[in-house]
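*Asks:* Let me begin by handing over the structure; questions about it come next.
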Amino acid sequence: MGIPTSVYKKANGSWARTGSVKGDTGYSSYVVDSKNKKMDIYDAFGLMSFRNYNNEGFNFTDWTVTLKNDVDLVNMEWFAIGNETYPFKGTFDGSEFKVDHLKITSTEYFQGLFGVLDGGTVKNINFENVSLSGVSKSGCAVGEVINNGTVSYINVNSGTVTGVKTVDSCVGMIKAYGTVDHCTNNVNITGSVYNIGGIIGAAYYTETGHEMSLITIPIREK
């Protein structure tokens with residue numbers, strides 16, 4: 001399975017594939033450099049395309065996917081990048097850009113911008129106006145971290161998070177081992193059962209010879 005080099009949105013609103021980054025066709029939604037295993041994302045359509053490629057079985061191991069602009073998901077119900085069948089295994093760098101209006105109401109486990117992160121990295125994302133409702137084993141950035149995945153420099157700045165169990169602002173749960181560091185939460189989180197956290201909902205167990213790493217940082221004064 002391959003990924004088209006780039007996708008452009010034309011002035012009339014239709015979509016067309018082209019190999020050029022700039023031109024009269026419009027602006028790029030995403031650009032792929034398969035040789036160097038890189039993908040740059042410019043808007044919500046690019047983010048959805050990335051999700052669909054991953055969830056349909058493209059292997060992003062050793063790839064770096066980079067956000068190049070703020071992305072607004074307004075009026076959109078989001079479904080996670082990566083699941084138990086096809087987890088995300090690459091590196092996603094949000095470049096400190098903003099993901100706005102992330103909305104999730106799915107009752108399926110492992111929801112978030114990313115669902116299941118398997119040994120990969122998700123970093124440098126600022127979330128604004130999040131709305132997670134009725135979720136379990138979910139977080140704004142990642143639902144589940146497995147096999148030494150890393151989530152870092154995530155800021156959840158505004159919105160609401162309500163769920164049933166194992167829910168929080170950044171990561172729903174770590175299973176086996178992984179790292180969550182330099183993440184902040186500024187939203188209220190409520191749940192009806194258990195494992196309702198501020199940064200991580202639950203961290204279940206470690207395997208022999210491995211460890212979980214929860215790195216604390218000073219609370220910022222307002």
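The values are calculated or read from the model by the stated rules, or taken from the named source; none is laboratory data. These numbers come from a predicted model, not from an experiment. Note that each Cβ is placed from the backbone with ideal geometry, even for glycine, and that neighbours are counted across all protein chains shown.
*Asks:* Hey, could you check region 138-181 for residues that are crowded, with 24+ Cβ neighbours inside 10 Å and either assigned to a loop (DSSP other than H, G, I, E, B) or charged (D, E, K, R) (or both) and say which is nearest to the chain's Cα centre (by Cα)? Steps first, answer last, please.
*Replies:* Step one: list which residues in region 138-181 are crowded, with 24+ Cβ neighbours inside 10 Å, which gives 138-145, 149, 151, 154, 156, 161, 163, 166-174, 178, 180.
Those left that are additionally either assigned to a loop (DSSP other than H, G, I, E, B) or charged (D, E, K, R) (or both): 139-141, 144, 166, 168-170.
On the way: Gly139: 9, Cys140: 7, Ala141: 5, Glu144: 11, Thr166: 17, Asp168: 14, Ser169: 12, Cys170: 10 Å.
So, considering only residues that are crowded, with 24+ Cβ neighbours inside 10 Å and either assigned to a loop (DSSP other than H, G, I, E, B) or charged (D, E, K, R) (or both), the one nearest to the chain's Cα centre (by Cα) is Ala141.
*Asks:* Could you tell me whether Gly120 is surrounded by 24 or more Cβ atoms within 10 Å (Cβ to Cβ), touching a residue at least 40 places away in the same chain (Cβ under 8 Å) and either under 15 Å from Asn195 (Cα atoms) or over 10 Å from the mean Cα position of the chain (by Cα) (or both)? Break it down stepwise before answering.
*Replies:* Details: surrounded by 24 or more Cβ atoms within 10 Å (Cβ to Cβ): yes; touching a residue at least 40 places away in the same chain (Cβ under 8 Å): yes; either under 15 Å from Asn195 (Cα atoms) or over 10 Å from the mean Cα position of the chain (by Cα) (or both): yes.
Yes; evaluated as a whole, the condition is true for this residue.
*Asks:* Among strands (runs of 3 or more DSSP E) lying entirely in region 182-222, which contain 3 or more residues that are modelled with pLDDT under 60? Full working, then the answer.
*Replies:* Working: elements: 188-191, 200-203, 213-215.
Per the criteria, 213-215.
*Asks:* OK, next. Need the failing condition index for Leu67 against (1) closer than 23 Å to Lys175 by Cβ; (2) touching a residue at least 40 places away in the same chain (Cβ under 8 Å); (3) among the hydrophobic types (A, V, I, L, M, F, W, C), just the number.
*Replies:* The number of the failed condition is (1).
*Asks:* Given the conditions (1) in contact with an Asp or Glu (Cβ under 9 Å, 6 or more places away or on another chain); (2) in the same structural domain as Gly134 (by TED's automatic domain parsing), which single one is not true for Thr64?
*Replies:* Among (1) in contact with an Asp or Glu (Cβ under 9 Å, 6 or more places away or on another chain); (2) in the same structural domain as Gly134 (by TED's automatic domain parsing), Thr64 violates only (2).
*Asks:* I'd like to know if region 64-74 contains one or more residues that are hydrophobic (A, V, I, L, M, F, W, C), more than 29 Å from Thr105 (Cα to Cα) and modelled with pLDDT of 95 or more. Explain how you work it out, then say what you get.
*Replies:* Looking only at region 64-74, we keep the residues that are hydrophobic (A, V, I, L, M, F, W, C), and these are 65, 67, 71, 73-74.
Next, from what is left, pick out any that are more than 29 Å from Thr105 (Cα to Cα): none.
No: region 64-74 contains no residue that is hydrophobic (A, V, I, L, M, F, W, C), more than 29 Å from Thr105 (Cα to Cα) and modelled with pLDDT of 95 or more.
*Asks:* For region 26-61, which positions are among the basic types (Lys, Arg) and either in the same structural domain as Tyr109 (by TED's automatic domain parsing) or within 21 Å of Val135 (Cβ to Cβ) (or both)? Please lay out each step first, then the result.
*Replies:* Restricting attention to region 26-61, the residues satisfying the condition of being among the basic types (Lys, Arg) are 35, 37-38, 51.
Passing the criteria: only Arg51.
*Asks:* Given the criteria at pLDDT 95 or above and surrounded by fewer than 18 Cβ atoms within 10 Å (Cβ to Cβ), does Gly134 qualify? Before you say what the answer is, go through the steps one by one.
*Replies:* On the way: at pLDDT 95 or above: no; surrounded by fewer than 18 Cβ atoms within 10 Å (Cβ to Cβ): yes.
So Gly134 fails the test.
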